[in-house]
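Taking it in order: structure first as structure tokens, then the write-up.
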Amino acid sequence: MSRVRVGVIGVGHLGQHHARLLAAIDTAELVGICDTNHDRAAQIAGTFGGRRVDDPRELLSMVDAVTIAAPTVSHVALALPFLEAGIATLVEKPMASSVEEADRLIRAAATGSALLAIGHTERFNPAVRAAMPLVTAPRFIEVHRLGTFPERSLDIDVIFDVMIHDLDLILALVRSDVVSIEAVGVHVLTAKADIANARLRFASGCIANITASRISRERVRRARFFQQDAYVSIDFGAQEVEVYRLDRHGARPVIQGGSVDVPREEPLRKELEDFVDAVRTGRAPGVTGQDGRAALALATRVAEKMEGHEHLSPV
């Protein structure tokens, strides 16, 4: 396959960037744009290429692959026809509204022999890519992902909108079962939890403390990993990594380290390049349906633990 014919379903805040980036990838051909707002679809198609289609099923005969950046509640209905037809599909995170729906997507992909990728973009952040080989056996992880109040994704709480990025990443790095969870969330500006904290204990003994907020005055996106004789810090926004190690070889232990070289790249572009290459070569995508399900299942467990506290008023 020389060029992958791709359609984009949902061209709101995030989907417009799917269209922009796919149009710029040499091995992809943007052939169709679909959105419930037909004028919006026409505008994006006019800017980046492809044909506006009013019914996503029109894309079935046009594409080799689709990306879905519509609201979470519509992911299953939109993705199933493509997966069942054997068409590669990238679904933005969270992959579905429930684990049961996620399983439906995975089964459909298996039945149709279709590639299923999940849009956990932070995995493709060059800072994360640089840090992952350095995080070998973490014992304590601390993450703060704080953002200003958005005008989108208010149909889901901060766990599924924001924290799920870090749940996915931590699962990929720790590679151990979660054995206990403590969580608290607070409704501040919406009917959903706007700020939440979760403390996860893994079978390996690692503990992760994760805070996610969409009501902060400043944007903070940082993670710190502590392991024997080493400390790794990631600034997701600045795409910076620092690593410090204890060198015991001399007369006295010495701390060595500093910044790691990180090439600045747009994570979403890397994600879409990975998806297109997976379609062309037949390999698994960087984030599979099973990966997306695992993150969603853990987010669901966190949300369930939070339920007893989420109606507390902020101090």
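The values are calculated or read from the model by the stated rules, or taken from the named source; none is laboratory data. All values reported here derive from a predicted model rather than from experimental measurement. In this analysis, Cβ positions are derived from the backbone assuming ideal geometry, glycine residues included, and neighbour counts consider all displayed protein chains.
Here is a check on your reading of the model: is ASP229 loosely packed, with under 15 Cβ neighbours inside 10 Å and acidic (Asp, Glu)? Yes, satisfied.
Selection over segment 5-20 of residues that are over 12 Å from THR67 (Cα atoms) and touching a residue at least 60 places away in the same chain (Cβ under 8 Å) gives a count of 2. Does segment 200-211 contain at least one residue that is among the β-branched types (Val, Ile, Thr), in contact with a His (Cβ under 8 Å, 6 or more places away or on another chain) and modelled with pLDDT under 95? Within segment 200-211, not a single residue is among the β-branched types (Val, Ile, Thr), in contact with a His (Cβ under 8 Å, 6 or more places away or on another chain) and modelled with pLDDT under 95.
Only a single criterion out of (1) over 24 Å from ASP161 (Cα atoms); (2) aliphatic (A, V, I, L, M); (3) in contact (Cβ under 8 Å) with a residue 12 or more places away in the chain is not satisfied by VAL66, namely (1). In segment 25-35, of all residues being without any contact (Cβ under 8 Å) to a residue 60 or more places away in the chain and not in a strand (DSSP E or B), the one that is farthest from GLU58 (Cα to Cα) corresponds to ASP26.
If I ask for residues that are under 19 Å from the mean Cα position of the chain (by Cα) and either closer than 15 Å to THR72 by Cα or of a type in the set (D, E, K, R) (or both), which ones from segment 101-116 would you list? Walk me through how you get there before you give the answer.
Within segment 101-116, the first condition is being under 19 Å from the mean Cα position of the chain (by Cα), and the residues that meet it are 101-103, 105-106, 115-116.
Residues satisfying the conditions are GLU101, ALA102, ASP103, LEU105.
Restricting segment 201-220 to residues that are without any contact (Cβ under 8 Å) to a residue 40 or more places away in the chain and in a strand (DSSP E or B), which is surrounded by the most Cβ atoms within 10 Å (Cβ to Cβ)? Steps first, please.
Start the filter on segment 201-220 by keeping residues that are without any contact (Cβ under 8 Å) to a residue 40 or more places away in the chain, which leaves 201-203.
Still in the running and in a strand (DSSP E or B): 201-202.
On the way: ARG201: 15, PHE202: 20.
Looking at residues that are without any contact (Cβ under 8 Å) to a residue 40 or more places away in the chain and in a strand (DSSP E or B), I get PHE202.
Any residue that is outside any loop (DSSP other than H, G, I, E, B) and buried (at least 18 other Cβ atoms within 10 Å of the Cβ) - is there at least one of those in segment 254-267?
Of segment 254-267, the ones outside any loop (DSSP other than H, G, I, E, B) are 254-260, 267.
Now narrow it down to the ones that are buried (at least 18 other Cβ atoms within 10 Å of the Cβ): 267.
So far as segment 254-267 goes, yes, one or more of its residues are outside any loop (DSSP other than H, G, I, E, B) and buried (at least 18 other Cβ atoms within 10 Å of the Cβ).
When restricted to residues that are closer than 17 Å to ARG20 by Cβ and touching a Pro at 6+ places or on another chain (Cβ under 9 Å), segment 51-67 contains 1.
Among the residues making up segment 246-266, those that are out of contact with any strand residue (DSSP E or B) (no Cβ under 6 Å at 6 or more places or on another chain) and farther than 22 Å from ALA131 by Cα are ARG248, HIS249, GLY250, ALA251, ARG252.
Exactly one residue out of ARG245, ARG269, ARG219, ARG264 is of a type outside the set (Phe, Trp, Tyr), in contact with a Gly (Cβ under 6 Å, 6 or more places away or on another chain) and within 17 Å of GLU122 (Cβ to Cβ): that is ARG219. Residues in segment 67-74 include none that are in a strand (DSSP E or B), surrounded by fewer than 19 Cβ atoms within 10 Å (Cβ to Cβ) and modelled with pLDDT of 95 or more. VAL11 passes every criterion in (1) surrounded by fewer than 24 Cβ atoms within 10 Å (Cβ to Cβ); (2) in contact with a His (Cβ under 8 Å, 6 or more places away or on another chain); (3) not basic (Lys, Arg) apart from (1).
Hey, could you check segment 273-293 for residues that are in a helix (DSSP H, G or I) and in contact with a Gly (Cβ under 9 Å, 6 or more places away or on another chain) and say which is nearest to SER98 (Cα to Cα)? Outline the logic, then answer.
If we filter segment 273-293 for residues that are in a helix (DSSP H, G or I), which is where we start, we get 273-281, 289-293.
Still in the running and in contact with a Gly (Cβ under 9 Å, 6 or more places away or on another chain): 274-275, 278, 292.
Values: ASP274: 26, PHE275: 23, ALA278: 26, GLY292: 11 Å.
Here the answer is GLY292.
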